[in-house]
Amino acid sequence: MNDWLELRQHADTGIETIKAHFEGHAYDPHWHDSYLVGITLSGTQQFHCRRERHRSHPGDAFLLEPGEIHDGDAPVAGGFTYLTFYLDERWLTHTLHGLYDSTPGSYSLHFTQTLTREPQLVRTIGDTFATLHNDEMKIVQQSTMDNLLAQLTSHCHWRKKLPSQLQSAAVAHRARDYLYAHLGDNIGLSDLARETGTDRFTLTRCFKREFHLAPHAWLIQLRLAKARQFLARGDQPVDVAAALGFADQSHLGRWFQRAYRITPAHYRRLCTNLPDVSRK
């Protein structure tokens, strides 16, 4: 296997930029808590998202929303190479709200397409990645980010939620908030049902409808997303595992490697340049 991965974390914004190459199976189904924007540079990148199988070829831009489950593999010999970075959901939503007239809270922001070959957007994604990954001057970084934001607006739309969806979503979001607040605890479905004032079966249906995962599977993904944050600031893998409710460091490592194709210790080193001195 000739897999490799370059990762940088931008000091000012916290935006993570990744350039990588994978052959065969790349990563298991997982999600991110940010908007994912990237380009396939070579080969064929195959992934499932929004209940469809997508094939991204050189020059294709891929756009994924927070919480969208996706996997990855190379169906063609030689693998694929891509670049990508993550945009914070709250930052992007808040900024784009400023470009629209009084958009109500009953609307949610969505990308209109998962794949696009629109030349200007593809070029802007590449320019933004380069300025962040190579740590260009701040004025250059901010200008390219502004240009990217302007390009993305033409690829987004606001989707109004129906009353029944709002009620179901409210249950799911209360459960999600509880999971956030008790991230490292041994939480049961009965705890979530009690918190949301419903039963376990209704809760699970509402949660799956809103987030496309059962609560237990979503909690694992949430813990992995938080693990990335803690490791990026320099926390030791053994301490991250304990703080987030994993049985031990090995348990965290198995899940982390399946989702991201990199060990927690290696990810920490790439983000911080600190040596791994974790306790055994």
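The values are calculated or read from the model by the stated rules, or taken from the named source; none is laboratory data. In this text the structure is predicted, and so the values were computed from the model without any measurement. So basically every Cβ, Gly included, is an ideal-geometry build from the backbone, and we count neighbours across all protein chains shown. For the accessible areas, the whole protein counts, side chains as well, though only heavy atoms, and no ligand, DNA or RNA atoms are used. Shrake-Rupley method; radii C 1.70, N 1.55, O 1.52, S 1.80 Å.
Scan segment 1-42 for residues that are over 22 Å from Gly67 (Cβ atoms) and not in a strand (DSSP E or B) and jot them down.
Answer for segment 1-42, where residues must be over 22 Å from Gly67 (Cβ atoms) and not in a strand (DSSP E or B): Met1, Asn2, Asp3, His10, Ala11, Asp12, Glu23, Gly24.
Kindly indicate which of Ile187, Ile139 is in a helix (DSSP H, G or I) and either touching a residue at least 24 places away in the same chain (Cβ under 8 Å) or open to solvent by 70 Å² or more (accessible area, probe 1.4 Å) (or both).
Answer to the selection: Ile139.
Out of curiosity, is Ser102 at positive phi and modelled with pLDDT under 75?
yes
Kindly check whether there is at least one residue in segment 56-71 that is at pLDDT 95 or above and open to solvent by 40 Å² or more (accessible area, probe 1.4 Å).
Yes, that holds for at least one residue.
Here is a list of conditions, (1) part of a helix (DSSP H, G or I); (2) open to solvent by 20 Å² or more (accessible area, probe 1.4 Å); (3) within 22 Å of Leu36 (Cβ to Cβ), and Leu213 meets all of them except one; can you say which number that is?
(1)
Is one or more of the residues making up segment 160-169 surrounded by fewer than 13 Cβ atoms within 10 Å (Cβ to Cβ), at pLDDT below 90 and not in a helix (DSSP H, G or I)?
Checked against the condition, which is being surrounded by fewer than 13 Cβ atoms within 10 Å (Cβ to Cβ), at pLDDT below 90 and not in a helix (DSSP H, G or I), segment 160-169 yields at least one hit.
Residue check, Phe201 against (1) open to solvent by 10 Å² or more (accessible area, probe 1.4 Å); (2) within 19 Å of Trp31 (Cα to Cα), all met but one. Which one?
Here Phe201 clears every test but (2).
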